[in-house]
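The values are calculated or read from the model by the stated rules, or taken from the named source; none is laboratory data. Because the structure is predicted, anything quoted here is derived from the model rather than measured. Here the Cβ positions follow ideal geometry from the backbone for every residue, glycine too, while neighbour counts run over all protein chains shown. Side chains are part of the model used for accessible areas, which takes the heavy atoms of the whole protein and leaves out ligands, DNA and RNA. Shrake-Rupley method; radii C 1.70, N 1.55, O 1.52, S 1.80 Å.
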Amino acid sequence: MKQGLFMTMVAVVALAIAIVVYMFLPDYIRKGGPLVALLIMLSIMSVTLTFERLFTLNRARGKMPVPAFMREIRKRLDSGDIEGAAELCAKQRGSLANVLRAGLDRYLVVRNLIALATIASIATMVGLLGTVIGMIRSFAALGQTGSVDAVKLALGISEALINTAGGLFVAIFSIVLYNVFVTMIDNFNYMMDEATVEVVEVLSMKEATK
């Protein structure tokens, strides 16, 4: 599935779920205004992308743990069983096995990290927008002639704080997950590089000894 279509589907489904959830939220949360629904949508998208990344990373590693897989590959290469090593890569699957078998597939696990980082930025801005709107309503209540409308003042402050908290929560969650995935991918790419170099060196040594 193409990334653009996938992200569109995730956004549409997340928006639909967010609207339904917003309708059943307690009144004190719904006082945050329609932007609360948008924050819920971003939260759902962030969680969805998190599980999608975990699934992709798990699939990229293959069936066996990478160290055990590399030990088996090395054993076959040391014994001259290159066909057996290729068959093991086919059984292992995942990005590492594909790299060793075909020398390709380096960007499989980094597809939607940009989207996750974007959600973190957008969530902060949406929360800030809700804060500003809530404060505008609060000052509007203070600026009315006559006595201060305490109810409108409280509602405005409540809306501001709800959106601030929601935006910060989504942003923090997404940023932490983004950094975790970046670290995992960097480590995985490093292991792929090391594995590729090791295989090339072993094959070169075997060719030299023929």
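Answer with yes or no whether MET64 is modelled with pLDDT under 85 and either open to solvent by 50 Å² or more (accessible area, probe 1.4 Å) or part of a helix (DSSP H, G or I) (or both).
Numbers: modelled with pLDDT under 85: yes; either open to solvent by 50 Å² or more (accessible area, probe 1.4 Å) or part of a helix (DSSP H, G or I) (or both): yes.
The answer is yes for MET64.
Is it the case, given these coordinates, that ILE122 is out of contact with any Pro (no Cβ under 6 Å at 6 or more places or on another chain), touching a residue at least 60 places away in the same chain (Cβ under 8 Å), surrounded by 13 or more Cβ atoms within 10 Å (Cβ to Cβ) and among the β-branched types (Val, Ile, Thr)?
Working: out of contact with any Pro (no Cβ under 6 Å at 6 or more places or on another chain): yes; touching a residue at least 60 places away in the same chain (Cβ under 8 Å): yes; surrounded by 13 or more Cβ atoms within 10 Å (Cβ to Cβ): yes; among the β-branched types (Val, Ile, Thr): yes.
Taking the combined requirement at face value, the residue satisfies it.
For region 125-140, which positions are open to solvent by less than 20 Å² (accessible area, probe 1.4 Å) and within 16 Å of VAL36 (Cα to Cα)? Don't jump to the end; show me each part of the working.
Just the residues of region 125-140 that are open to solvent by less than 20 Å² (accessible area, probe 1.4 Å), to begin with: 126-127, 130, 134, 138.
VAL126, GLY127, GLY130, GLY134, listed by residue number.
Residues being at pLDDT below 80 and in a helix (DSSP H, G or I): count how many of those fall in region 118-153. Let's see the steps before the verdict.
Quick first cut of region 118-153, residues at pLDDT below 80 only: 137-153.
Next, from what is left, pick out any that are in a helix (DSSP H, G or I): 137-143, 150-153.
Of the residues in region 118-153, 11 are at pLDDT below 80 and in a helix (DSSP H, G or I).
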